[in-house]
Amino acid sequence: MEGMVSKGKPSPRSAVKPLPDAQVAKLAASHRLVDPTAYYPTGPRTPNEAEINAQNPKATKRLLAGVSLVFRASCKTKAWGLEHVPETGTFITAATHVTMFDVFVPMMSLFHQGRRPRYMAKAEMAKWPLIGKWFQLVGMQPVQRRSGKAKDIVDTSIDIVTSGRPLTVWPEGTVTRDPQKWPMSMKNGVGMIALESSRRLGYQVPLFCAVTWGAASINHWWPWPRKNVVMCYDAALDYADLLEGMDGWGEEPPVELADELTRRIRVRMTEIMAEIRGEQPPDGVWDYRTMSRIKE
């Protein structure tokens, strides 16, 4: 999402403790945890047939079945909040990016809820053997993360949202470099997309945070015993106050408003992740540019 090349290295899997069964039980006491590897886990829904038929339905069905099989075999995946996924209309999902593996959780969950979002993903994924072709078939929008491409990414994203299709973005732009794997600093692309799409459509585009934790501790060569993976698909984030006066913005939303919306997304992601992990987040935010923790 950010028009940048990778910087630094993520902390190793050995540094991440698995999510304990006791913590999952605690979450289950506060939320209705469901299995997102199955169709319609929150109850009967009306699938968006137009979206499904427009996005390579046979290839998508095969990919979804394969991804679900892998998740069932390698981890115990639970989610709450999937009832928030709209049955119709456009919306934006802003997802955390702790590992490459966990990007499949919101995708699989939304597909099982009868929606077919487009999603912004780094262009290198399209070149992955075998699965890269599937990614392209099921709605991946390749992102060239080189410098100078950020505006093109934002413009393409706005076009997707205003065309009526849902969009999933990973606003950190790459796997978090926070050594403790909390959400790190984000550029304001996701804020620009939401604000400008809302202005063009004339209403606040629903914006949801999807936070996944647990996949970072999985050994993908030998994943057993299976680890816990939990995702929260949060209620829509209200940013109506930032849309006041949008008819007078000029060519694009003010930078300070996009910055503020992006900040709210990161803060909310951190709050949800803290609940899932049962831990207190560190003071400050990990800054990608300086590769250090900074005060807010």
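The values are calculated or read from the model by the stated rules, or taken from the named source; none is laboratory data. Keep in mind that this is a model prediction, so the values were computed, not measured. Cβ: placed from backbone, ideal geometry, glycine included. Neighbour counts: every protein chain shown. To get the accessible areas, we keep the full protein, side chains included, count just its heavy atoms, and leave off ligands, DNA and RNA. Shrake-Rupley method; radii C 1.70, N 1.55, O 1.52, S 1.80 Å.
Annotations
- Applying the set (1) touching a Lys or Arg at 6+ places or on another chain (Cβ under 9 Å); (2) surrounded by fewer than 17 Cβ atoms within 10 Å (Cβ to Cβ); (3) under 30 Å from A22 (Cβ atoms) to W249 leaves exactly one unmet item: (3).
- Residue within segment 230-241 that is out of contact with any Asp or Glu (no Cβ under 7 Å at 6 or more places or on another chain), farther than 28 Å from Q280 by Cα and in a loop (DSSP other than H, G, I, E, B) present: no
- Considered as a group, the residues in segment 112-136 that are touching a Ser or Thr at 6+ places or on another chain (Cβ under 7 Å) and outside any loop (DSSP other than H, G, I, E, B) include one that is modelled with the highest pLDDT, and that residue is Y119.
- Output for segment 259-284, where each listed residue is open to solvent by less than 40 Å² (accessible area, probe 1.4 Å) and either without any contact (Cβ under 8 Å) to a residue 60 or more places away in the chain or more than 27 Å from K78 (Cα to Cα) (or both): L261, A274, G284
- Test: residue in segment 183-194 that is touching a residue at least 12 places away in the same chain (Cβ under 8 Å), closer than 18 Å to T99 by Cβ and either in contact with a Leu (Cβ under 6 Å, 6 or more places away or on another chain) or open to solvent by 10 Å² or more (accessible area, probe 1.4 Å) (or both): yes
- Residues in segment 61-101 that are of a type in the set (V, I, T), assigned to a helix (DSSP H, G or I) and either crowded, with 18+ Cβ neighbours inside 10 Å or in contact with a strand residue (DSSP E or B) (Cβ under 8 Å, 6 or more places away or on another chain) (or both): V67 alone.
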